[in-house]
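Enquirer: This is the structure I want to talk about, given as structure tokens.
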Amino acid sequence: MTARLIDGKALALKVREGLVAESAAVLAKTGMKPGLATILVGDDPASHLYVKSKQKACDAAGIYIDDHKLPASTTQAELLALIQKENADPRIHGILVQLPLPKHIDSKVVLEAVSPDKDADGFHPYNFGRLVEGHPVFEACTPKGVIKMIESTGVSIEGKRAVVLGRSNIVGKPLALMLLQRNATVTICHSKTKDLPAVCREAELLLVAIGKAKFVTADMVRDGAVVIDVGTNKTPEGKLCGDVDFEPVSQKAGWISPVPGGVGPMTIAMLLDNTVESAKRMAGML
Ligand code: NAP
């Protein structure tokens with residue numbers, strides 16, 4: 001079998017194009033665009049690049065940006081004060097605190113300071129708890145993007161055997177819960193899982209987020225499976241690659257997402273989607 005490609009870049013563009021009209025509808029009803037506050041602390045070049053591409057995408061979708069670039073010496077108290085200000089600002093419907101934060105700042109305290117009503121990244125424990133309950137409000141962007149990518153194939157999630165590799169709070173766990181909510185039968189694997197290849201071979205939906213280059217090989221994949229690769233790693237030559245050994249696995253899978261051009265663009269699109277959805281919720285349009 002040769003897998004069909006799940007083109008995250010094209011799908012993300014479609015989502016973002018759809019948001020233009022939704023942003024315009026919010027503006028027409030409230031006199032305000034949907035607004036996202038972006039907060040970046042320090043000089044990490046990768047973080048600057050991520051925030052810049054998120055802002056560019058927001059701009060194109062008609063989302064107002066309140067941009068804060070703070071020096072690495074910013075104290076936790078100063079950062080918390082800024083978050084409180086954004087929490088209270090009626091022009092702001094989503095708050096993005098770019099991670100990682102400098103070591104002297106406790107990320108957990110900072111993320112919990114973001115109002116759950118403006119938690120566009122979906123990292124606040126309140127929103128995580130809502131997902132556990134089966135009544136999500138804001139869903140974390142990367143797993144939400146993965147769900148949209150599965151849905152784009154036309155393969156139904158309901159009743160499928162889904163295997164999630166990785167149990168982080170930002171990808172693996174919320175993704176497993178989102179699949180469960182859609183009636184998949186879900187197994188979560190991690191570094192202590194015994195006979196991982198055998199578990200993976202049971203998967204009709206194989207979702208991989210472990211951060212190990214080309215870890216998933218063809219012998220771990222069931223014929224015709226939907227394989228989505230969240231991983232972002234560098235090859236020894238410095239090229240971006242996923243957690244899945246793409247070429248051989250694509251001979252076995254039914255559907256496969258590439259890296260780059262897969263989950264990454266969808267994560268950004270879902271941040272925009274969450275911001276617009278928040279603005280609509282606050283405007284009573286949902
Ligand atoms: P993380 O917090 O480091 O978690 C990695 C998970 O993988 C852990 O649960 C770990 O198990 C598991 N794991 C590690 N080695 C394993 C092995 N040999 N066998 C089975 N499980 C193993 O990572 P993350 O934040 O979820 O990110 C995962 C990957 O996705 C990274 O490459 C990251 O860069 C990428 N990512 C991409 C996007 C995007 O938008 N494209 C967004 C987020 C993350 P234990 O819990 O037992 O340690």
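Enquirer: To make sure I understand, if each residue's beta carbon is the centre and we count other beta carbons within 10 Å, what order do LYS144, LYS9 fall in, fewest to most? Write down the numbers at each step before the final one.
Expert: Values: LYS144 23, LYS9 15.
Lowest to highest Cβ neighbour count: LYS9, LYS144.
Enquirer: Name the residues whose placed amide hydrogens come within less than 5 Å of the amide hydrogen of LEU165, ignoring near sequence neighbours (fewer than 5 apart) on the same chain.
Expert: For LEU165, whose amide H was placed from the backbone, the distant partners under 5 Å are CYS189, LEU207, VAL208, ALA209.
Enquirer: Go ahead and run the numbers for FRET between SER107 and MET32, Cβ-Cβ distance against an R0 of 22 Å, rounding to 0.05.
Expert: 0.15
Enquirer: Here's something else I'd like to know. On alpha-carbon atoms, Rg over Rh for the range 141-263 using Kirkwood Rh?
Expert: 0.93
Enquirer: Whose amide H sits under 5 Å from the amide H of ASP67, counting only residues 5 or more places off or on another chain, with H placed in the peptide plane?
Expert: THR38
Enquirer: What dipole magnitude, in Debye to the nearest 20, does the chain give about its Cα centre under +1 on Lys/Arg Cβ and -1 on Asp/Glu Cβ?
Expert: 220 debye
Enquirer: Return the distance in nm (one decimal) between the two label points of a simple spin-label model at GLU17 and THR185, each offset 7 Å from Cα along Cα→Cβ.
Expert: For GLU17 paired with THR185, the spin-label model returns 3.9 nm.
Enquirer: Would you kindly work out the equivalent ellipsoid of the range 223-286 from its C-alpha gyration tensor and give its semi-axes, the square roots of five times the eigenvalues, largest first in whole Å?
Expert: Here the semi-axes work out to 33, 16, 6 Å.
Enquirer: Which of the residue pairs LYS33/LYS118; LYS52/LYS148; LYS148/LYS173; LYS160/LYS234; LYS52/LYS214; LYS14/LYS148 have a Cα-Cα distance greater than 21 Å in the structure shown?
Expert: LYS52/LYS148; LYS160/LYS234; LYS52/LYS214
Enquirer: For the ranges 224-237, 14-27, what's the packing order if you count other beta-carbon atoms within 10 Å of each residue, average per peptide, and put the highest first?
Expert: 224-237, 14-27
Enquirer: If we count every other residue with Cβ under 15 angstrom of THR30's Cβ, Lys/Arg +1 and Asp/Glu -1, where does the sum land? Kindly include the intermediate steps, with their values, before the conclusion.
Expert: Numbers: positive: LYS29, LYS33, ARG91, LYS280, ARG281; negative: GLU22, ASP89, GLU277.
Surrounding charge for THR30 is +2.
Enquirer: Continuing with this model, one more query. Compare the peptides 106-112, 117-123 by average per-residue count of other Cβ atoms within 10 angstrom and give them in order, highest first.
Expert: By packing density, highest mean first, the sequence is 117-123, 106-112.
Enquirer: What helices does the chain have that are whole DSSP H segments, at least 24 Å long along their own axis by Cα, and with mean Kyte-Doolittle hydropathy of -1.0 or more?
Expert: In the chain, the long hydrophobic H runs are 8-30, 263-282.
Enquirer: Kindly identify the range 1-95 as rounded, prolate or oblate by the Cα gyration tensor criterion: order the square roots of the eigenvalues as a ≥ b ≥ c, call it rounded if a/c is under 1.5, otherwise compare a/b with b/c, prolate if a/b is larger, else oblate. Display every interim value, and only then the final one.
Expert: Numbers: a/c = 3.03, a/b = 1.30, b/c = 2.34.
In terms of gyration-tensor shape, oblate.
Enquirer: What would the Debye formula give as log10 I(q)/I(0) at q = 0.10, 0.15 Å⁻¹ for the alpha-carbon point model of the chain, no solvent?
Expert: Debye curve over Cα of the chain, log10 I(q)/I(0) at q = 0.10, 0.15 Å⁻¹: -0.54, -1.16.
Enquirer: On to the next question. Would you mind getting me the FRET efficiency between GLU202 and SER53? Use the beta-carbon distance for r and R0 = 30 Å, nearest 0.05.
Expert: Once the sixth-power term is evaluated, E becomes 0.25.
Enquirer: For labels at LYS9 and THR153 in the simple 7 Å Cα→Cβ model, what's the distance in nm?
Expert: Here the modelled spin labels are 2.1 nm apart.
Enquirer: Give me the percent relative contact order of the chain, please, defined on Cα pairs under 8 angstrom at least 6 residues apart.
Expert: Result for the chain is 24 percent.
Enquirer: As a test, work out the antiparallel percent of DSSP beta bridges whose residues both lie in the chain, rounded to the nearest 5. Working shown, then result.
Expert: Details: 2 of 31 bridges.
Antiparallel bridges make up about 5 percent of those DSSP assigns within the chain.
Values quoted throughout were computed directly from the atomic coordinates according to the rules given, and no laboratory measurement underlies them. Since this is a predicted model, take the numbers as computed values, not measurements. Here the Cβ is made from the backbone with ideal geometry for all residues, glycine too, and neighbour counts use every protein chain on show.
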